[in-house]
Amino acid sequence: MIRVQVPATTANLGPGFDCLGMALELYNIVELVQVPYGLTIEVTGEGTADIPRDVDNLVFKSAQRVFEQVDFKPTGLKIRLINQIPVARGLGSSTAAIIGGVIAANLLAGGRLSLKDIISLASSIEGHPDNVAPAVLGGIVISVQADGELKNMKIQPPQGIRCVVAVPDFILATKTSRDVLPSQVAFQDAIFNLGRVALLVAALQRGDFSLLGTAMEDHLHQPFRSVLVPGMKKVLAAAKLAGARGVTLSGAGPSVIALADGNFDLIARVMGDTFRQNGVKCRTLVLKPSPIGARALEVK
């Protein structure tokens, strides 16, 4: 049996749209076994009612991409998914499914793909690397497309930082969240984000939490996506007032994530209460950044 663990991720971290992400200590597990014939998929935990259990399953489809690439033909497959990552909430559940399927299938096929190959293939399935790279490598990762390939640089998360996440009780598809974005942005908004993403990377490398409030501001996607998340702007403000160092929409949303070095329970309570005051049920999580990415727990 192949058993692979993949962390949740939060993409963008505010201004780093489609190029910056961080792994979180919340995990999905993919178990893959070759059987004599057929396809069986079991799901427990998050997404049990909604995740397909046939050839439309994202883990299976991702595994199939690997088998096609390396010319491996399994007789049949049994897949078991043990999910902790909320589905369609901006915490990388789709990425975890893709990476879990790719890594498990690669191991089953004899480990023919390199780490670089895995990131490249998973990014081509996902469509962008901001969740993929940190889910594979762990930590905080900057990813850019250049010369036909992905360039990645990993930063270890600063000591003492925690991620307080408010997870609303509704799904928001990435496509829906992208469809509200404009095709062009003002020059001043581009300058605004360039300065802040540079400041953010420097602040994270140096562990200077005092700069995160400014560094995590964004003008490229959050103003447009706020219409899809009732109370979002109030949640951002409330988290800062409760002591969060920086607050942002997590990925495409609807989850909101605050980086903090204290007052974790207070920040979580305030974020949850503010969402509920705006008619949105939610749950809250306090998570550590995950310094390690996807890994095989069992191969036999």
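Values in this text are rule-based calculations from the coordinates and carry no lab data. It should be emphasised that the depicted structure is a prediction, and the values quoted were computed from it without experimental measurement. Cβ atoms come from the backbone with ideal geometry, glycine included; neighbour counts cover every protein chain shown.
Restricting the calculation to Cα atoms, segment 209-283 yields a radius of gyration followed by a Dmax of 11.5, 32 Å.
Taking a quarter of the surface of the Cα convex hull of the chain gives a mean projected area of 15.0 nm². Counting only residues at least eight positions apart within a chain, or on another chain, the lysines with an alpha carbon under 21 Å from that of K234 are K281. The alpha-carbon atoms of segment 162-287 define a convex hull whose volume equals 98 cubic angstrom per residue. At D265 and F170, where each label point lies 7 Å from the Cα along Cα→Cβ, what is the point-to-point distance in nanometres? Using points 7 Å along Cα→Cβ, the separation is 3.1 nm. Placing +1 on the Cβ of each Lys and Arg and -1 on the Cβ of each Asp and Glu in the chain, which of P223, G279, L58 has its Cα farthest towards the positive end of the resulting dipole? After comparing all options, I get G279.
Farthest toward the positive end of the dipole of segment 145-249, out of G195, N152, L211, is the Cα of L211, where the dipole comes from beta carbon charges about the Cα centre. Remark on L297: its backbone amide H falls under 5 Å from those of R3, V4, Q5, a criterion applied only to residues 5 or more positions apart or on other chains, H modelled at 1.01 Å from N.
Taken about its Cα centre, segment 68-216 carries a charge dipole of roughly 380 debye when the Cβ of each Lys and Arg holds +1 and the Cβ of each Asp and Glu holds -1. Close amide-amide hydrogen proximity is noted between L220 and no other residue 5 or more places distant or on a separate chain, at a cut-off under 5 Å (H modeled in the peptide plane; Pro and chain starts excluded). Evaluated with a Cβ-only charge set (Lys, Arg +1; Asp, Glu -1), segment 209-278 carries a dipole of roughly 180 debye about its Cα centre, given to the nearest 20. Modelled spin-label separation between D117 and Q188, with each label point placed 7 Å from Cα along the Cα-to-Cβ direction: 5.1 nm.
Where is the GNM fluctuation largest for the chain (alpha-carbon springs, 10 angstrom cutoff): P129, P158, P289? For the chain, modelled as a Gaussian network with Cα springs under 10 Å, the answer is P158. Couplings 3J(HN,Hα) for segment 174-188, derived from phi with the Karplus relation 6.51 cos²θ - 1.76 cosθ + 1.60 (θ = phi - 60°), are 4, 4, 4, 5, 7, 5, 7, 7, x, 7, 9, 10, 5, 4, 5 Hz, where x marks Gly and Pro.
Pairs of Cα atoms in segment 46-191 fall into 5 Å distance bins, from 0 up to the last occupied one, in shares of 2, 8, 15, 18, 19, 17, 11, 6, 3, 1, 0, 0 percent. Report, in degrees rounded to the nearest 10, the 0 to 90 angle that the Cα long axis of helix 58-70 makes with the longest principal axis of the chain. Compared with the principal axis, the helix lies near 60 degrees.
In segment 91-164, the convex hull through the Cα atoms has an average projected area of 5.6 nm², a quarter of its surface area. Couplings 3J(HN,Hα) for segment 4-18, derived from phi with the Karplus relation 6.51 cos²θ - 1.76 cosθ + 1.60 (θ = phi - 60°), are 10, 10, 10, x, 5, 9, 10, 9, 6, 6, x, x, x, 4, 6 Hz, where x marks Gly and Pro.
Calculated [222 nm] ellipticity per residue, helices only, for the chain: -10500 deg cm²/dmol; basis is -39500 (n - 2.57) per DSSP H run with n ≥ 4, divided by all residues, nearest 500. Cross-link reach is defined here as a Cα-Cα straight distance under 12 Å, omitting same-chain residues fewer than 8 places apart; for K288 the aspartates and glutamates meeting it are E25, D261. If the cut-off is a Cα-Cα distance under 13 Å, which aspartates and glutamates reach K116, setting aside same-chain residues fewer than 8 apart in sequence? Within reach: E149. Axis angle, to the nearest 10 degrees, between helix 93-108 and the longest C-alpha principal axis of the chain: 30 degrees.
Taking 0.36 nm per residue of sequence separation and removing the Cα-Cα distance, the S210/D54 pair yields an extension gain of 51.3 nm.
Rounded to the nearest 20, the Cβ-based charge dipole of the chain about its Cα centre (Lys and Arg +1, Asp and Glu -1) stands at 440 debye.
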